[in-house]
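Single-structure report; data block below.
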Amino acid sequence: MKLSPLQIARYQYQPKLPGMLRNGIAEISVRTGEKTASVADQQKIAALFPNTYGKEEITFEKGANTSPARKHKVGVILSGGQAPGGHNVVCGLYDALKATDGDNVLYGFKNGPIGILKDDYVIFDDELIDQYRNTGGFDIIGSGRTKLETEDQFEVAAEVCRSHGITAIVIIGGDDSNTNAAVLAEYFAAHDTGVQVIGCPKTIDGDLKNEDIECSFGFDTATKTYSELIGNIERDANSAKKYWHFIKVMGRSASHVALECALKTQPNICLIGEEVAARKMSLSQIADYIADSVCARAERGMNFGVAIIPEGIVEFVPEFSVLIAEINEMLAGQKADAFNALASWEEKYAFIEKGLTAESMKVFAILPQGIQQQLFLERDPHGNVQVSLIESEKLFSALVKDKLAQRKQAGTYNGKFSPLHHFFGYEGRCAFPSNFDADYCYSLGYNAFMLIQYGYTGYLSKVSNLAKPAEQWVAGGMPITKMMNIERRNGEDKPVIRKALVELDGNPFKYFAAHRQQWAVETAFTYPGAIQYYGPSEVCDITTETLALEKA
Ligand code: FBP
């Protein structure tokens with residue numbers, strides 16, 4: 001394999017651990033804190049997790065290691081979408097495990113949770129691990145979206161662990177994967193399997209966070225990557241002065257990515273799904289909001305600009321959600337076959353007109369035909385419209401175009417509008433992790449082993465105080481059940497980790513809201529440039545604007 005100069009240099013990078021983990025395994029002691037309770041629905045969660053609920057928060061400290069001496073065989077699983085730094089979680093876990101005892105063994109289950117069900121694994125050694133230090137991607141063992149959630153699966157997982165003598169599993173995943181980690185931990189404890197389960201908080205979407213978990217890993221690098229690209233586009237826009245760029249960024253259920261990119265690049269427009277929902281904005285109102293910026297800038301002779309659109313935006317638009325629900329209902333079960341059998345779009349359109357309520361038909365009618373057709377193309381395994389596949393950047397530019405045409409007719413706008421479209425998602429998920437993510441992830445993995453060594457199960461590896469230099473970071477663990485509440489999923493009440501949406505009364509949004517009017521009219525673009533790995537700490541080690549504002 002040919003290596004790039006950066007890859008070779010990154011192999012040598014030594015990730016920074018929190019100060020309390022720096023003196024070697026023998027010098028890490030544990031402090032037990034308060035007992036915990038779930039964020040809501042305490043009685044129900046306690047009843048569902050009798051063996052793992054209510055445990056104490058713990059913090060590691062410098063001091064004599066009092067954990068019982070024993071050999072460890074640990075399995076690790078990468079779950080869900082890629083996020084920069086995943087390899088370093090594995091490396092940190094491996095290094096801590098081997099530093100404790102060279103005979104300890106780390107198994108990597110391949111291609112996500114399916115790996116443990118199929119008993120498909122690799123055993124890590126120095127040669128393999130050293131090829132992946134400080135690199136992006138999850139390709140060291142692969143990832144996947146199979147969910148570990150049924151008792152049958154848990155039994156298979158227990159049997160696989162028993163056959164190898166594995167006594168702990170580390171699951172690196174988002175809110176769903178860590179919810180499943182908690183359920184698996186409870187099952188293993190209830191069945192006396194002797195297998196511990198530890199989770200690690202991953203997702204570029206940034207929606208796995210709460211008062212304990214300050215951010216999920218990967219968010220820093222992904223948003224820096226998108227912001228570099230957005231900044232470059234802003235500069236191009238300001239040079240050529242002829243295009244409006246509509247840029248969709250990943251973030252399926254929350255707008256943290258869009259908000260962070262906006263804080264970094266100061267575009268003319270950034271939509272925040274949570275605000276759209278709170279203000280019950282319609283598609284037409286959103287289009288008017290963007291068109292106002294286009295007009296105001298045109299009046300000043302600036303027929304160019306940049307608008308950031310979060311991937312999940314349409315689900316936040318109330319009238320659009322109703323439309324999607326009606327389409328899902330209209331095509332449920334056999335009805336989809338009847339629809340698909342219709343030969344022409346005209347016939348399909350007539351079918352749709354009959355199936356939708358008058359209100360939803362009004363919404364459907366204003367959509368560009370390409371988007372209308374997208375709503376009927378791709379279905380997920382449950383038969384639902386895959387909202388993330390809707391090209392919302394094109395949807396909004398088309399709606400804005402219509403608004404501008406109306407304004408032109410009314411004589412209130414006389415500019416030029418040439419939109420271009422981009423989608424930034426996969427570009428950022430496997431980037432070389434920033435120093436922050438490299439350090440944070442290595443610490444999460446190292447720390448996960450400390451939790452295993454001290455016998456904890458059903459815990460999330462927790463590293464906090466992240467807005468400060470790594471030396472001051474605090475390492476410890478949090479029972480996953482503390483983050484849970486009961487939510488309705490697929491028609492059933494389920495215990496799940498609560499997803500963190502953008503808080504409209506939080507500092508990051510408030511800062512954005514206080515500046516966006518100015519950004520909408522003026523050209524206040526900022527150009528963050530590429531992630532830097534070598535150089536002054538204030539250039540290379542700082543993390544997100546979101547975290548800085550949250551901790552301000
Ligand atoms: P996770 O929640 O698993 O971390 O994945 C998040 C994400 O990157 C979203 O931003 C995006 O909508 C989705 O994954 C894309 O999924 P896929 O990789 O399956 O196309």
- Close pairs (7 angstrom Cβ cut-off, 6 or more residues apart or separate chains): surrounded by 15 or more Cβ atoms within 10 Å (Cβ to Cβ) in region 232-245, assigned to a helix (DSSP H, G or I) anywhere: 234/265; 243/237; 244/294; 245/233; 245/237
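For residues in region 431-445 being within 17 Å of the chain's Cα centre (by Cα) and among the hydroxyl-bearing types (Ser, Thr, Tyr), which is surrounded by the fewest Cβ atoms within 10 Å (Cβ to Cβ)?
434
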- Which residues, counting only those in region 251-280, are more than 16 Å from the ligand (Cβ to nearest atom), among the small types (Gly, Ala, Ser) and surrounded by 24 or more Cβ atoms within 10 Å (Cβ to Cβ)? 262
- Query: How about region 294-323: which of its residues are buried (at least 23 other Cβ atoms within 10 Å of the Cβ) and among the charged types (D, E, K, R)?
  - Reply: 311
- Message: Taking the conditions exactly as written (under 27 Å from the mean Cα position of the chain (by Cα), closer than 17 Å to residue 391 by Cβ and touching a residue at least 24 places away in the same chain (Cβ under 8 Å)), does residue 366 satisfy them or not?
- Response: no
- Filter the strands (runs of 3 or more DSSP E) completely within region 428-541 down to those with at least 2 residues that are touching a residue at least 40 places away in the same chain (Cβ under 8 Å) and touching a Phe, Trp or Tyr at 6+ places or on another chain (Cβ under 8 Å). 459-464, 474-479
- Query: In region 210-231, what residues are more than 15 Å from residue 85 (Cβ to Cβ) and in contact (Cβ under 8 Å) with a residue 40 or more places away in the chain?
  - Reply: 210, 212, 226, 227, 228, 229, 230, 231
- Between a first residue in region 174-189 that is farther than 18 Å from residue 78 by Cβ and a second residue that is within 16 Å of the ligand (Cβ to nearest atom) and at pLDDT below 95, which pairs have beta carbons less than 7 Å apart while being 6 or more apart in sequence or on different chains? 183/149
- Message: For region 182-293, give me every one of the helices (runs of 4 or more DSSP H) that falls completely inside it and has 1 or more residues that are modelled with pLDDT of 95 or more and farther than 28 Å from residue 386 by Cβ.
- Response: 219-240, 256-265
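Let's see how each residue does on (1) of a type in the set (A, V, I, L, M); (2) within 16 Å of the ligand (Cβ to nearest atom); (3) touching a Lys or Arg at 6+ places or on another chain (Cβ under 7 Å):
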{"site": "159", "(1), (2), (3)": "no, no, no"}
{"site": "189", "(1), (2), (3)": "yes, no, no"}
{"site": "192", "(1), (2), (3)": "no, no, no"}
{"site": "227", "(1), (2), (3)": "no, yes, yes"}
- Are any of the residues in region 52-72 within 16 Å of the ligand (Cβ to nearest atom), crowded, with 16+ Cβ neighbours inside 10 Å and over 21 Å from residue 488 (Cα atoms)? no
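The rows are residues; the columns are (1) surrounded by fewer than 14 Cβ atoms within 10 Å (Cβ to Cβ); (2) aliphatic (A, V, I, L, M); (3) within 21 Å of residue 213 (Cα to Cα).
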site	(1), (2), (3)
511	no, no, no
525	no, no, no
528	no, no, no
531	no, yes, no
534	yes, no, no
546	no, no, yes
551	yes, no, yes
- Query: Can you name the residue in region 119-144 that is surrounded by 14 or more Cβ atoms within 10 Å (Cβ to Cβ) and among the charged types (D, E, K, R) and is also nearest to residue 186 (Cα to Cα) among such residues?
  - Reply: 119
- Query: So residue 326 fits all but one of (1) out of contact with any strand residue (DSSP E or B) (no Cβ under 6 Å at 6 or more places or on another chain); (2) under 15 Å from residue 517 (Cα atoms); what number is the exception?
  - Reply: (2)
- Message: Of everything in region 376-409, what is modelled with pLDDT of 90 or more, under 26 Å from the mean Cα position of the chain (by Cα) and either within 23 Å of residue 356 (Cα to Cα) or among the aromatic types (Phe, Trp, Tyr) (or both)? Give them in sequence order.
- Response: 391, 392, 395, 396
- Query: Yes or no: residue 216 within 11 Å of the ligand (Cβ to nearest atom) and within 22 Å of residue 73 (Cβ to Cβ)?
  - Reply: no
- Task: Give region 167-182 a look and list any residue that's away from the ligand (no atom under 13 Å from the Cβ) and crowded, with 24+ Cβ neighbours inside 10 Å, or say none.
- Result: 168, 169, 170, 181, 182
- Task: Take region 7-30 and flag every residue that is surrounded by 13 or more Cβ atoms within 10 Å (Cβ to Cβ), out of contact with any Gly (no Cβ under 6 Å at 6 or more places or on another chain) and outside any loop (DSSP other than H, G, I, E, B).
- Result: 7, 9, 10, 11, 19, 20, 21, 25, 27, 28, 30
- Message: For region 73-99: of the residues being of a type in the set (A, V, I, L, M) and within 16 Å of the ligand (Cβ to nearest atom), which is surrounded by the most Cβ atoms within 10 Å (Cβ to Cβ)?
- Response: 83
- Looking only at region 531-539, decide whether some residue is small (Gly, Ala, Ser) and within 23 Å of residue 269 (Cβ to Cβ). no
- Note on the structure: Restricting attention to region 214-231, the residues that are of a type in the set (A, V, I, L, M) and crowded, with 24+ Cβ neighbours inside 10 Å number exactly 2
- Message: Would you confirm, using the coordinates I've provided, whether residue 344 is more than 30 Å from residue 222 (Cβ to Cβ) and within 35 Å of the chain's Cα centre (by Cα)?
- Response: no
- Could you tell me which residue of region 348-386 is surrounded by the most Cβ atoms within 10 Å (Cβ to Cβ), considering only residues that are among the aliphatic types (A, V, I, L, M) and touching a Lys or Arg at 6+ places or on another chain (Cβ under 8 Å)? 385
- Does any residue of region 325-343 turn out to be of a type in the set (S, T, N, Q), assigned to a helix (DSSP H, G or I), closer than 22 Å to residue 366 by Cβ and touching a helix residue (DSSP H, G or I) at 6+ places or on another chain (Cβ under 8 Å)? no
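The values are calculated or read from the model by the stated rules, or taken from the named source; none is laboratory data. Please read all numbers here as calculations on a predicted model, not as lab measurements. Quick reminder, even Gly has a Cβ in these numbers, built from the backbone with ideal geometry, and neighbours come from all protein chains shown.
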